[in-house]
Each structure stands twice: as structure tokens, then as C-alpha cells.
Amino acid sequence: MSAINNNCEYISKKQIKIIFDGKTYQAYEGDTIASALLRNNIRLVGRSFKYHRPRGVYTCGIEEPNALVQILSEHNEPNTRATIKRVYDGMEIKSQNRWPSLKYDFGAVNNILSPIFSAGFYYKTFMGPKGFWKNLYEPLIRRSAGLGKPPKNFRSKSTHQYHNTDIVIIGAGLSGLAAAKKFINTKYKVLLIEQDSYLGGILKNSNKVKTINGLTPLEWINETEELILNSNNITILKNTLVTTYNFTNHLIALEDKFAGKKIDLNKSELTLHKIRTSNTIITNGHIERFISFRNNDLPGVMLASSFEKYIHRYGVVPETEPVIFTNNSSTLSLLKTLISLGCKPKAYVDSRKKDNIETEIKKFLKDKDISFFSDAEIEGCDGNKKVETITIRQGKSFTKLKSSMLCVSGGYNPDIHLFTQSKGLVKWDKNILSFKPDTPFQKTITLGSTSGNYNFKKICDEINEKISIFKTKKISLDINLNVPNKFSIKELWETKKKSNSNWSKSFIDLHNDVTTKDLKQAITEGFDRIEHLKRYTTNSMGTDQGKISSINSLAIVSKMLKKEISEVGTTTYRPPYAPLSFAAIAGRSTYEFYDPERKTSIHSWHLKNNAVFEDVGQWKRPWYFKASENETMHQAVQRESKMLRENAGILDGSTLGKIEIKGRDALEFMNLMYTNAFSKMKPMTSRYAMMLGEDGMIKDDGIICKINDQHFIATTTSSGAPKVLADMEEYLQTEWPHLQVYLNSITEQFSTFNISGPKTREIMMKVFPDIDFSNDAFPFMTFKNFDYKETKIRIMRASFTGELGYEIYIPPKFGLKLWEEIFSYGKEYNLIPYGTETMHLLRAEKGYIVIGQETDGTVTPIDLNYNWMIGKNKKDFIGKRSLSRPDTSREDRKQLVGLSPINKKDIIEEGQHIVELNELPKKITNPIKYLGHVSSGYHSPNLNHSIGLAMIRGGKNLLGQKFFVTATGKTKNIPVEIVNPVFIDPENKRLTS
Amino acid sequence: MILIKCPYCGERDQSEFSNGGEAHVIRPKNPESLSDKDWGEYVFYRNNPKGIFYERWVHSHGCKKWFNAVRNTSTDQILKVYKVNEKRPDLSDFENTLKSPSGEPLVGSGNFAVKK
Ligand SMILES: [Zn+2]
């Protein structure tokens, strides 16, 4: 039975109610879920990962492998550590990994089937037959082996906070507080980070320390905290866990802003601190480890220091008559605690020889008349869903005791996680039987038990010495103890078991259900390297990262391999130190804040006119306009395309990238960057141009306007603009710094309208009555600047639809007004707005390519038959030399062609394959010869049949030939003819009309 | 997340920069005079050593300037930064710097945490 420790200062006396698996329980404000459940004598809190074995609370902190729960009252937050999460009134909690209920769990049958779940079971059991993985094993594993379920409909308000500081102290226990004290009112900016809501660490979690400088531990903590709070240079962050230690002293810490409080949806519940520091002091202490024995996972088995922490930190004695099992000198304080509260342990089992046990301990046991077993060990424990009997082995004799709890101490590991994350090297210490920090890689200092110093009386000297590199005052600590000052331990990782049964297991990893037998089996099968063994058995791969057990497994493995532990080595410690919520990582970058939305100056008009939008990079572009509520996308696009070729249409092209190139050497630069030759080009004319990579492949295209030899304007694709500008900058800075050229992005400086169709000239003449739009005065691919009302505009004669067309550039401020004016004049000519989909269809009819559709980074201008664009007489341009490499000049490269269906009703789909077979075999046994793919496929309303652009091997020489195109869900292929990719107006009569 | 010292702006977070691969690969003056093999090596071949590496960086979310850096790819330490028009520092300048975090072999991963 549990009892209350009324002396606990950290728990309020205010009673609250919590709900666990539908039942209401009393708790105190300040409790964790675990302490509240222990208070109510709840032992069974979850089922294990693989075997669904009953599990209880094993620890009292971040290292917990068992007690993971789902918080229903917090958007279903899964995998919450019950040993960390503070309760509040009305908190609703559900146990995890069980069905239909915790007591009667269906998956527990796995425990009986356990031979098939042994080491490497993921790799062995789920092999073949074909199809079983996808249809059977995977859904089964996902349902039964998953932990909690993900939260739903939760919008986090987590924020990020940045710090630049001189010193970070991680952990405010004895060493952390003492170190912080040295920095009070010095010139250093210090951040003291503590994961608990109280400072003090071991001083508040145990009674190992009796007094410091004549004060009780609590008095000393309060005095020190007061001094720190009054200092001008130290900031304390509580409820904050350092999870990550990166290169160049970059730390990440997670702060829980609502520890012990109900989340306020209007406030940020988590803060992710990103800290850049000059020096880091790690004082986050140690973690107790367990010992493997038969059924060491039964609810009721708990680490000894955790048991002690529940008494001191949470005021709950989980069991008044437990059995204590230890291999070291640290458990005396637990004994003393229990006795001081009037509780009496059933037995004290110490694996050390009687002569090696401190007189202090032996005397206390004798004085208090506690049943004492030395040179003994726990053989195992038994019970139905909880510990009921405990078997002690002493020599050849066995003693069976009845008790519901067993406190285990297998020694302490310095918490080296963050130190090794920082790339510091660790070394095996024979005195404490654990790894401890040795050589730091960064400016990192470890103090106290983190550095392997378990001697309280030497902590002061260590701090004064290691912190002497900073200008600080000396401090002194006079410490009185309740435990032997010198830590002593006997090596013990696993006890010998007497009986063998299928149900009895000796665990090495509680979280992932790995037994010591699995380790042996893996080694037998040849997985004797620790990194392999870890992955094969999944040992220490749980969310607790084997905090209480990974060193034990190294020790057991090293014994089996007959090697030193330092030879076996540790597996790599990787961030985060403990799981952190994705919500915290994402911070405010979620939903509409994830990526900016860019809208053109015409956006409001598009909205009013029923535009459906498409995302192009960050831009919102009208995809098509709905003429009526019921009009489908296909209908809209067919209508827009037909109307444009009959009358006129206008596209908001403001998103097209625009770069201004100016300077003495602008002409030379443009000649180097683009394939085209610009030298002979007349001023105020424009040209379609291509930019290649050095490998000869097309990167981007656009229209280049030449104002004069020192001034060009280049347009780019909507999404390619930043990359083109960056590439131009790169060449200017690194390869041709001698060129005097200046680049400027002017994309947002202009609203751009593309108006085209046979009636365009008439509309333009109405809108701009003073301008001569005749073919002679304003020929194709020329541009002019005009004064227009109170601003200036540039008009270029160009077209991407194949019809007569103009591009109008106007400052965005005047854009919407001009757009509306064009429509007021355009009405009588049936001018329509059109979107990107119609633009794509019309350009496909004309055989114009789109970057990223016909090209994919493996296409040269020659592959597209665009040889005319290549300035062959130019000495050099980016990618030129690659165009004559053997591979780029191959005859059988994929080349651009047009596709026309032989049966005009057939539909050519984008992305389909071009093959020689009219029908695919029912069962495909040999690879089918593949000639190429359909890069664009549309139904042309102007030809009234489907058309396609395709990239086909050796396509240039296949004109007029018949092939087949595959179709979705069919084995019968579509017969097509290879044709010229220009379907409409190959003579360019419309373009130049 | 390492700290990088832009020669123009000073120390900034890595997230402000983009890496540009190996430095001192100069674009040939007369590409047409190069054999296919030599040109192919210029376009496609780059070193990827474990250890000292001369590489290019651009302060893309800052001053947008390109510069060079000497980085030990094994320790991720940036040993020197210099402007594009500055002389390439000699390899011998870095002889006495830390070779790897844990003294692991010259080839292969560096996931060793235990001091030998
Ligand atoms: Zn900069």
C-alpha cells in the first residue's frame, strides 16, 4: 500500500481530480501522472510494445521506458511520459497499446507466441510470401505494435526563441547551482536551464545530502536561487529540457509553458529555445540503471532512486514495505528515508560480499532490525499483472518473500548523452563501472556526477578547478551526507535464473521488449558489432533510447564476446535527448504561415470573376475562370481556348520573373549566359532565349529585351526567377569578376498582361488610341515605351499562344485600373480572361515547350530542334562545349515530336509511354521496349481531337510513323502518328498578322 | 547547425548560407580547345575528401556574396574563410589542426564515442 510523506514541500495540499481510462482518481496539484497513479495504488499503466506484457511505472523521470500514456484532454497527445507530465484538475488520460482494455489485452497472445518475436523478428518473420507484407504484416504491425495514436485537429501555437550567450549551465542540481553561484554578478551572460519546475536536482529528489554549509538542502537551494534571481547576469529557465547539442556550441532546448496547467489555446504551449553559446557546462547528473532478472518488467519493480524521489519530490511512498535490491552503496538513503517515515522494508538484498559492505550500512540495518541478505541477488519475481512474490538467492538457498514492490539499483551512469552529442569522447571508469566524459570536442565542461565524480566532498574542488578558466570567485561547500561518501559498486548485470518458462523473461530493454536471450541469439547469428546488434535486436532503439539499460547491454555483450567494454564501444548517441513534439519544431511555420503567398495586383479582380487558382512557386495564379457555377475545368479550358483563337483573351502574366541587366559589359555577359547571339540584335527588339547548365541541359527560358548594348531586361519562368538571378550573380562574382554588370530583380515592379487573339489589335487601338499598332510600325518581337496617363508603360509584341499578341508592362499601382479599362473596351470583341491551363493548351497546339514539362534536366536545345537558338558563331556560352560531347550529340537521344491519334476519339494522356505494341500482354514477363513518354497531352478544341507532345528516342527521324501510346487501366494501346509538334499555324501567319 | 563567418558580414548561422561545392575549379578559358574527357572532368568531377576541403559558400540570405572556406569535413570545423580574389591558403597551414573528433580511420564514418 502507498502512504503520504507530509514533509514534502513540493506538492500543494490542494486536491484535484484526474481521469485515467475512464475512472476518476484523487491527486494533488504538483503530482505527475505517475505519482498520482502510485498514490492511488495503480500499478498497471500500460502494455509493452511487442509482447503486450503488463507494465507499471519504472522510474521517476525522463528515462521512463514503460509508462507512456495518451492525454485525451490535450488533443490526444500520444506517448507522454507519465513520470514527467504534471497533472491538473480534470485531466483525461488513456493507457496505450492495449485492446480492448488494459486488463484484458488481446495482443498479450504475442507473449505466448514469443519465439517468433525473438531477435531480428522484423527481418525473419515477415519475409514472403509475396504480397503478404503489404496486405497482412504491415497493417498488423501498425495496429498492434504502434504506440499512441497521433493527435487530431490540433493547431499548435508553439514559438521559437533565440539566445546568444556566454555560458549555458545544463541542469540546476547541486553542481549546476554551485557553478551558477560562482558566476553571480560576473561579466558573463549565463543561462541556467532546469528540466524540473524546481531547482535542486538530487538535493530535492533524495535525502542523500543532510546539510550544506549548515543549511538543510532546501534552505540552501532557496538561498542560492534567491542570489541568482537577484544577480544581473544569470537567467533561469525552468521546465526546460536541453535536447540537442550541435556543433559550434549550438543548443536546442524545449520549454513547457503549461507544466501542471491546462493548456490555454490562445497561448503558446511550448517554446523551442535555440541557443548559441561560447561555453557549455553540463551538470545534468546521472541516471540509475536496472539489473536484468527473471520478470524484471513486472509492475511493481522500480528503480531505487526513483522510489526515493517519489517520496521526497512528490510526497508519495509507493509502498511501505518494499524489498530493496542493490549492488552499490547508494541505497542507504532510501533505507533511511523509509525508516524515518515509519516504514520498514521487507528485506535489503545487497549483491556485494558482506566484508565489502560499508559498516555504516550494516550497522543501520542491524539497529533497525531489517532482514538483510548480503552476497545475494534477486532470482526473479512472480505475480498476476503485478509483483506478488520475490525470490532471493543467497548461495544455494532461496527465500521467497511476499511484497508488492521491488526497488532496484544497478549503479549509476553519468548522463553522457549531451556530451557525446557534442562529439566529446568518453572513457570507461572501473570504479563506477560506467562511461564518463573524457575529451571534450567543443568548449564543454562537465561537473559533478555527469563527469563521473560521485564523491560529494570533492565536488567543490572540481568546480573551483574546472571553472578557474573564467574570472570568478572561489566557493566553498561543506557537505554532510546520509550515504557513504565513497561510492562502491560490484559488477552485476544479470542474475542467474532458477526456473525456465515461456512466460518468464529477463529484459534488457523494457521499451522495445528486448530480452537478454535476444542479445545472445543475435551474437550467435553473427551480429557481434554493437551498431549491428542494436538494429537487429532493436535494443535501446525506443523513444527512451535505453537510458536505464544500454550500458547494461554493452556489458552483457562484452562478457559474451570476451572483450573489454571499451572495445565493444557504445552506440552513437543522437539528438534529441528525449522526444520532442513536432509542434515545437514547426513553431509558427504552419498552415498559412508555412510559406508566403504572393498575389498579383489583379488578384481581387480574379476572385470576383470566379478564378480557380493554381500555386506556381509561391504565386497564386488563375488556373481557369468559371463562366458558371456548374462549368467543369475541362469545359472552362475548352471554352477559353476556343474563344481566344476566335476573338481575344488576356492573361495576368505578372508572376513572370523579370531581371534587369545593366552595365558596361552587359552585352558580353548576356552572350555568355544565354545560347542566343545578342550582338547583332537591334535595340528595342526582343528574342526568345534559352539558358543552359554547363552540362548543356536547358535550365530556363524567357524573352530577352535589348534596350541597348548596356541594358537588357530578361524574363524568366515564374518559379525559376530566383535561381536564374542567383546563377547570374554567381558567374559574375566567381568566374567573370572583370565584367562590369549589375543585376536587379524587377519582377514585382511591373504588372504584366499578355493579350492575344485575332481581335487584339482592335482592342489595343481602343485602349491606347495614340499608339500605332500596325505591322510596319510595331512588328513582331519589338517593344516600345510610352507615357500613359500619369505613368509609363512598355508594350512588347510577343505571344505564347501563337496568335497576334502584345505584352503590357505597367507599375502595379496602375495595373488593376488598366486591366479593367482593357475589359471595358474588350467587351464588344468578346475578350475573355484566361488562366494557366488554357495558356498551356494553346502553347501545346503551337508546339511551344514549357520548362519542367517537356524538359526535365536531361534535354538540350538540339533535342527540341531549337538549333536556331544556338549562337554557333559565339566563341563561348554556358553549356556550349557540352553540346558537342558524344552523349549530347547522339542521334538516338529523346527528341521532341508531336502525337496525333489515328482514331480521333482517342485521348492521349500526359505521362504515358510510347511503345511498339498495340496491346500489352496480360502478364508482363519481359520488359517492354519503351521509346519515350508523352510530355504534354490535351484535347484541342480548335482541332477537335486529342494532341500530344512527346519526347521520343530518335524522334526527329520518325515523322509519319505509327506507334502506340499506353492508356490508364487498359491493356489496349492507342495508335498514334508521329507528327510535327506545331499543330496550328506552322507558317506563323497568325503570329505576324 | 554550424556557425560560419562571412568575410563581409561576420559570424552568422549556417541557415543563412548555401554551399557551392569544391572551390578553385576554374572554368576553362577556351572550352572548345578541350578534349571531351578534360571538359567532362571540369563539368562532372569533384573531390569529396574526408578531411581538409576547399569549398565555396554564398551568403544567400545575407549579402549574397560568394566566398571560399577551408573546412575539415570530418570535424566540420571551418578553419579559414577568404574572399574569392584572395590567395588559396596552403594545405600545410592546417597541418596541426584536429584531424577527426575521435581519431578514427581516414576512410569511413566517424561514429566513435569511446576514447581509445
Ligand atoms: Zn555576408
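The values are calculated or read from the model by the stated rules, or taken from the named source; none is laboratory data. Source: prediction; values computed, not measured. Note: ideal-geometry Cβ built from the backbone for every residue, glycine included; neighbour counts use all protein chains shown. Just so you know, the surface numbers come from the protein's heavy atoms only, side chains and all, with ligands and any DNA or RNA stripped out. Shrake-Rupley method; radii C 1.70, N 1.55, O 1.52, S 1.80 Å.
Give me the mean projected area, in nm² to one decimal, of the convex hull enclosing the Cα positions of the stretch A:507-561. Before the final figure, lay out each step's value.
Working: hull surface 12.2 nm².
Taking the Cα atoms of the stretch A:507-561, their convex hull projects to 3.0 nm² on average.
About the Cα centre, and with charges only on the beta carbon of Lys, Arg (+1) and Asp, Glu (-1), how big is the dipole of the stretch A:882-940? Nearest 20 debye, please. Each step should come with its number before you reach the end.
Details: 9 positive and 8 negative charges, 18 e Å.
The calculated dipole for the stretch A:882-940 is roughly 80 debye.
Quick one: with all protein chains in place, what share of the accessible area of the stretch A:802-906 is carbon or sulfur, to the nearest percent (1.4 Å probe)? Could you put the intermediate results ahead of the total?
Working: 2110 of 4070 Å².
Using a 1.4 Å probe with all protein chains present, the stretch A:802-906 comes out at 52 percent carbon and sulfur.
What do you get for chymotrypsin sites (Phe, Trp or Tyr not before Pro) in the stretch A:668-703 restricted to DSSP loop and a cutoff of at most 13 other Cβ within 10 Å of the site's Cβ?
Values: sites: A:F669, A:Y674, A:F678, A:Y688; in loops: A:F678.
Of the chymotrypsin sites (Phe, Trp or Tyr not before Pro), not one in the loops of the stretch A:668-703 has a Cβ with at most 13 other Cβ atoms within 10 Å.
Largest first, what is the accessible-area ranking of A:L174, B:L98 with a 1.4 Å probe? Write down the numbers at each step before the final one.
Working: A:L174 10, B:L98 80 Å².
Final ranking, largest accessible area leading: B:L98, A:L174.
With point charges of +1 on the Cβ of Lys and Arg and -1 on the Cβ of Asp and Glu, referenced to the Cα centre of chain A, which listed residue (A:T243, A:I659, A:I565) lies farthest in the positive direction of the dipole?
My answer, from the dipole projection, is A:I565.
Can you tell me which of A:738-750, A:914-926 comes out highest on packing, and rank the rest after it, using the mean Cβ neighbours within 10 Å? List each step's numbers first, then the result.
Values: A:738-750: 15.2, A:914-926: 11.6.
The packing order, highest mean first, is A:738-750, A:914-926.
Using the per-residue mean of other Cβ atoms lying within 10 Å as a proxy for protection, in what order, highest first, do the peptides A:237-246, A:655-664 fall?
Numbers: A:237-246: 22.1, A:655-664: 19.7.
Descending mean neighbour count gives A:237-246, A:655-664.
Just how far, in whole angstrom, is the stretch A:568-596 from the stretch A:153-218 if you go by their alpha carbon centroids?
Centre-to-centre distance over Cα atoms comes out at 23 Å.
Summarise the partner chain shielding of A:882-892 as one whole number: the mean count of Cβ atoms from other chains within 10 Å of each residue's Cβ.
Values: counts 7, 0, 4, 5, 2, 2, 0, 0, 0, 0, 0.
Partner-chain Cβ atoms within 10 Å, mean over residues of A:882-892: 2.
Normalised by the number of residues in the stretch B:3-76, what is the relative contact order in percent for Cα pairs under 8 Å and 6+ residues apart? Kindly include the intermediate steps, with their values, before the conclusion.
Details: 97 pairs, mean separation 25.4, N = 74.
Reported as a whole number, the value is 34 percent.
Sorted by average packing, counted as other Cβ atoms within 10 angstrom per residue and highest first, what order do A:621-630, A:963-972 take? Working shown, then result.
Details: A:621-630: 16.9, A:963-972: 15.0.
Result, highest mean first: A:621-630, A:963-972.
Could you size up the charge dipole of the stretch A:154-284 around its Cα centre, putting +1 on the beta carbon of Lys and Arg and -1 on that of Asp and Glu, and report it in debye to the nearest 20?
Working: 16 positive and 11 negative charges, 53 e Å.
The calculated dipole for the stretch A:154-284 is roughly 260 debye.
Suppose all protein chains stay in the model; what accessible area per residue would a 1.4 Å probe give for the stretch A:795-855, in Å²? The partial results should precede the final answer.
Numbers: 1760 Å² over 61 residues.
With the other protein chains kept in place, the stretch A:795-855 gives 29 Å² per residue.
What are the aspartates and glutamates whose alpha-carbon lies under 20 Å from the alpha-carbon of B:K99, with same-chain residues fewer than 8 places away excluded?
A:D438, B:E22, B:E55, B:D76, B:D90
Projected onto the charge dipole of the protein assembly as shown (+1 at Lys/Arg Cβ, -1 at Asp/Glu Cβ, origin at the Cα centre), which of A:T444, A:I469, A:V317 gives the Cα projection farthest towards the positive end?
Highest projection toward the positive end goes to A:V317.
Using the Cα centre of the stretch A:657-748 as the reference point, and only Cβ charges (+1 on K/R, -1 on D/E), how large is the resulting charge dipole? Debye, rounded to the nearest 20.
Values: 9 positive and 13 negative charges, 99 e Å.
Here the size comes out at about 480 debye.
In Å², what does the accessible area per residue of the stretch A:291-388 work out to with a 1.4 Å probe? Before the final figure, lay out each step's value.
On the way: 2850 Å² over 98 residues.
Counting only protein heavy atoms, the per-residue value for the stretch A:291-388 is 29 Å².
Could you pull the accessible area for A:F527 with a 1.4 Å probe, rounded to 10 Å²?
Counting only protein heavy atoms, A:F527 exposes about 60 Å² to solvent.
If you find the alpha carbon centre of the stretch A:362-430 and of the stretch A:914-930, how far apart are they in angstrom?
Each part's Cα centre sits 68 Å from the other's.
Once A and B are treated as a pair rather than alone, how much accessible area drops out, both sides summed, in Å² to 100, probe 1.4 Å? Kindly include the intermediate steps, with their values, before the conclusion.
On the way: alone 43150 and 8370 Å², together 48350 Å².
Counting protein atoms only, the buried area is about 3200 Å².
Classify chain B as rounded, prolate or oblate, taking a ≥ b ≥ c as the square roots of the eigenvalues of its Cα gyration tensor: rounded when a/c is under 1.5, otherwise prolate if a/b is larger than b/c and oblate if not. Show your work: numbers first, answer last.
On the way: a/c = 2.10, a/b = 1.28, b/c = 1.64.
It comes out oblate by the Cα gyration axes.
Over the stretch A:358-513, consider all pairs of different Cα atoms and compute the Kirkwood hydrodynamic radius from their mean reciprocal separation; express it in Å, one decimal.
Working: mean 1/r = 0.0516 Å⁻¹.
Over the stretch A:358-513, the inverse of the mean reciprocal pair distance is 19.4 Å.
With n ≥ 4 as the cut-off for DSSP H runs, can you work out [θ] at 222 nm for chain A, using -39500 (n - 2.57) per run divided by the number of residues, rounded to the nearest 500?
Numbers: 24 runs with 201 residues, N = 993.
So the helix-based figure for chain A works out to -5500 deg cm²/dmol.
Under the classification rounded if a/c is under 1.5, otherwise prolate if a/b is larger than b/c and oblate if not, where does the stretch A:317-403 fall, given a ≥ b ≥ c as square roots of the Cα gyration tensor eigenvalues? Could you put the intermediate results ahead of the total?
On the way: a/c = 2.07, a/b = 1.14, b/c = 1.82.
Oblate is the answer for the stretch A:317-403, as a/c is 1.5 or above yet b/c matches or exceeds a/b.
Kirkwood hydrodynamic radius, the protein assembly as shown, all distinct C-alpha pairs: what's the number in Å? Could you put the intermediate results ahead of the total?
Values: mean 1/r = 0.0286 Å⁻¹.
For the protein assembly as shown, inverting the mean 1/r across all distinct Cα pairs yields 34.9 Å.
In whole Hz, what ³J(HN,Hα) sequence does the stretch A:907-920 give by Karplus (6.51, -1.76, 1.60; θ = phi - 60°), x for Gly and Pro?
10, 8, 9, 4, x, 6, 8, 9, 10, 8, 8, 7, 8, 7
What list of ³J(HN,Hα) values in whole Hz, one per residue of the stretch A:954-964 in order, does the Karplus curve 6.51 cos²θ - 1.76 cosθ + 1.60 (θ = phi - 60°) give from phi, with Gly and Pro shown as x?
Coupling constants for the stretch A:954-964: x, x, 4, 9, 10, 3, x, 7, 9, 9, 10 Hz.
Counting partner chain Cβ atoms within 10 Å of every residue's Cβ in A:166-173, what's the average?
Numbers: counts 0, 0, 0, 0, 0, 0, 0, 0.
What the average comes to for A:166-173 is 0.
Please tell me the relative contact order of the stretch A:1-105 in percent, rounded to the nearest whole number, where contacts are Cα pairs under 8 Å and at least six residues apart.
Working: 208 pairs, mean separation 30.4, N = 105.
Computed value for the stretch A:1-105: 29 percent relative contact order.
If you find the alpha carbon centre of the stretch A:294-361 and of the stretch B:36-51, how far apart are they in angstrom?
Taking the Cα centre of each part, the stretch A:294-361 and the stretch B:36-51 sit 65 Å apart.
Can you give the average number of partner chain beta-carbon atoms within 10 Å of each beta-carbon in peptide B:29-39, as a whole number? The partial results should precede the final answer.
Details: counts 1, 3, 10, 5, 1, 1, 0, 6, 1, 1, 5.
Mean number of neighbouring Cβ atoms from other chains: 3.
Where a ≥ b ≥ c are the square roots of the eigenvalues of the C-alpha gyration tensor, would you call the stretch A:657-748 rounded, which needs a/c under 1.5, or, failing that, prolate if a/b is larger than b/c, or oblate?
Numbers: a/c = 1.24, a/b = 1.08, b/c = 1.14.
Since a/c stays below 1.5, the shape of the stretch A:657-748 is classed as rounded.
List every residue whose amide H lies under 5 Å from the amide H of A:E77, counting only residues 5 or more places away in sequence or on a different chain, with H placed 1.01 Å from N in the peptide plane.
Amide H to amide H, under 5 Å and 5 or more residues apart or across chains, A:E77 pairs with A:I71.
For chain B, the longest stretch holding no GluC sites (Glu not before Pro) located in a DSSP loop with at most 15 other Cβ atoms within 10 Å is which? Before the final figure, lay out each step's value.
Details: sites that count: B:E86, B:E95.
Longest site-free region, per DSSP loop and neighbour criteria: B:1-85.
Under 19 Å Cα-Cα from A:K662, which aspartates and glutamates qualify once same-chain neighbours fewer than 8 residues away are excluded?
A:K662 reaches A:D709, A:D727, A:E729, A:E730, A:E735, A:E748.
Restrict the search to the stretch A:152-186; then list the chymotrypsin sites (Phe, Trp or Tyr not before Pro) that DSSP places in a loop and that have at most 16 other Cβ atoms within 10 Å of their Cβ.
On the way: sites: A:F154, A:Y162, A:F183; in loops: A:F154, A:F183.
Those that pass, being in a loop and sparsely packed, are A:F154.
As a test question: what accessible area, to the nearest 10 Å², does A:W493 have when a 1.4 Å probe is rolled over all protein chains in place?
20
I'd like the Karplus ³J(HN,Hα) series for the stretch A:73-82: coefficients 6.51, -1.76, 1.60, θ = phi - 60°, whole numbers in Hz, and an x wherever there's a Gly or Pro.
After applying 6.51 cos²θ - 1.76 cosθ + 1.60, I find 7, 10, 6, 6, 3, x, 6, 7, 6, 4 Hz.
Would you mind calculating the relative contact order of the stretch A:507-561 from Cα pairs under 8 angstrom and at least 6 residues apart, reporting the percent as a whole number?
On the way: 58 pairs, mean separation 21.6, N = 55.
About 39 percent, as a whole number.
What residue among A:I862, A:T32, A:L580 has its Cα farthest toward the positive end of the dipole of chain A, where the charges are +1 on Lys, Arg and -1 on Asp, Glu, each on the Cβ?
Farthest towards the positive end: A:T32.
Suppose R0 equals 22 Å; then what is the FRET efficiency for A:R588 and A:N153 from their Cβ-Cβ distance, rounded to the nearest 0.05?
On the way: r = 18 Å, r/R0 = 0.83.
E between A:R588 and A:N153, to the nearest 0.05, is 0.75.
List the residues, sorted by chain then number, that are 5 or more residues from A:M91 or on another chain and whose placed amide H is less than 5 Å from its amide H.
So A:M91 has HN proximity to A:I19.
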